[in-house]
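First comes the structure, then the notes that go with it.
The values are calculated or read from the model by the stated rules, or taken from the named source; none is laboratory data. Keep in mind that what you see is a predicted model, and the values were worked out from it rather than measured. Neighbour counts run over all protein chains shown; Cβ positions are idealised from the backbone, glycine included. Surface areas here come from the heavy atoms of the whole protein model, side chains and all, with no ligands, DNA or RNA. Shrake-Rupley method; radii C 1.70, N 1.55, O 1.52, S 1.80 Å.
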Amino acid sequence: MPKPLVDVDRVKAPAFCLADELSPFTSAWHAHRKHQLLYSAQGALHLEVERAQWLLPPQRAAWLRSGTRHRVRVSQPVSLRTVYLEPRLVRLPPEGECRVFIVEPLAREMLLYSTRWGPERPLREPLADSFFGTLAHLLSEWTSQGQEWRLPRARTPELERAMAFTLKHLGEPISFEDAARAARLSGRTLSRRFEEEAQTTWRRFLHDARMLRAMELLAEEGARVTQTAYAVGFESLAAFTHAFHAFTGERPRDFRRRVSPGRSAAIR
């Protein structure tokens, strides 16, 4: 991880934006005193909180409540834009500690334009205060249709081993029995752990993980739909297309065109 140049918790401005060009890394678990809006203008960002994890490709952003412990992981170059807001500015904060939402055109333009005001901005600046105040008011509308494109996180070492094994072998024809052996549990016990800890099944976890991985691969430059289908364990392009459309609401080809680096919105 690049050495932080800004200690955001020491910035006195009530609201500001950081623009970061990130190389592959995994951050430590941390939290901030301000609310955050994370938006990947290019590349796919992994976001984790205590009990869930998301993938943020272009056109998707995340709201993080102040004080929420989280970490981010980058497996490809990412152009990250993060808006920090003092809690007092957000009168109607979104529910929960984290909300992931589709970035509509207005939200995208405002998030990109906010880079005009970095952490060095004056403490009081009428135009900046008005801009970030408007952005804060729009948050509840932007996040009202939060997406459930996420994976649960494990709370015990055994389930963590099963999840890690599954994520490592997404492109292979793995079985539930393989995951149970990796977790060093019986199949019955592992099934119960998924239901109790993650509120899902292993098969659902595998399917969702494959879809999120496919979204990450399709966001890379030069991505090919057929290669992506094989890379996440599908032997049939038709089956992959059907599963991807059911999960995201759009065909893989359309998703790739929308989020490919060559077509991303200009970085301000």
Checking LEU55 against (1) open to solvent by less than 60 Å² (accessible area, probe 1.4 Å); (2) without any contact (Cβ under 8 Å) to a residue 12 or more places away in the chain, the condition it does not meet
(2)
Selection count, region 208-231, where residues are part of a helix (DSSP H, G or I), of a type in the set (Asp, Glu) and under 18 Å from SER79 (Cα atoms):
1
Number of the condition not met by LEU18 [criteria: (1) buried (at least 18 other Cβ atoms within 10 Å of the Cβ); (2) among the hydrophobic types (A, V, I, L, M, F, W, C); (3) assigned to a loop (DSSP other than H, G, I, E, B)]:
(3)
Single residue of SER144, SER140, SER130, SER175 found to be touching a Leu at 6+ places or on another chain (Cβ under 9 Å), more than 19 Å from GLN53 (Cβ to Cβ) and either open to solvent by 30 Å² or more (accessible area, probe 1.4 Å) or among the β-branched types (Val, Ile, Thr) (or both):
SER140
Taking region 5-28, which residues are farther than 23 Å from PRO93 by Cα and not β-branched (Val, Ile, Thr)?
LEU5, ASP7, ALA19, ASP20, GLU21, LEU22, SER23, PRO24, PHE25, SER27, ALA28
Can you tell me how many residues in region 192-206 are open to solvent by 30 Å² or more (accessible area, probe 1.4 Å) and closer than 26 Å to GLU235 by Cα?
3
Consider GLU148 carefully, then state whether it is modelled with pLDDT under 95 and in a loop (DSSP other than H, G, I, E, B).
yes
Which of the numbered conditions does GLU95 fail, given that it passes all the others? Conditions: (1) touching a residue at least 40 places away in the same chain (Cβ under 8 Å); (2) in a loop (DSSP other than H, G, I, E, B).
(1)
Let me confirm something: among ALA128, ALA164, which residue is among the hydrophobic types (A, V, I, L, M, F, W, C), in contact (Cβ under 8 Å) with a residue 40 or more places away in the chain and in a helix (DSSP H, G or I)?
ALA128
Of the numbered conditions (1) surrounded by fewer than 21 Cβ atoms within 10 Å (Cβ to Cβ); (2) under 17 Å from ALA162 (Cα atoms); (3) over 21 Å from the mean Cα position of the chain (by Cα), ALA209 fails exactly one; give the number of that condition.
(3)
Tally of residues being open to solvent by 10 Å² or more (accessible area, probe 1.4 Å) and either polar (S, T, N, Q) or in contact with a Ser or Thr (Cβ under 7 Å, 6 or more places away or on another chain) (or both) across region 80-93:
3
Residue selected from region 147-172 under the condition farther than 23 Å from GLU95 by Cα and of a type in the set (A, V, I, L, M, F, W, C), by the criterion surrounded by the most Cβ atoms within 10 Å (Cβ to Cβ)
ALA162
Quick check, is GLN76 open to solvent by less than 50 Å² (accessible area, probe 1.4 Å), more than 23 Å from GLU141 (Cβ to Cβ) and within 17 Å of the chain's Cα centre (by Cα)?
yes
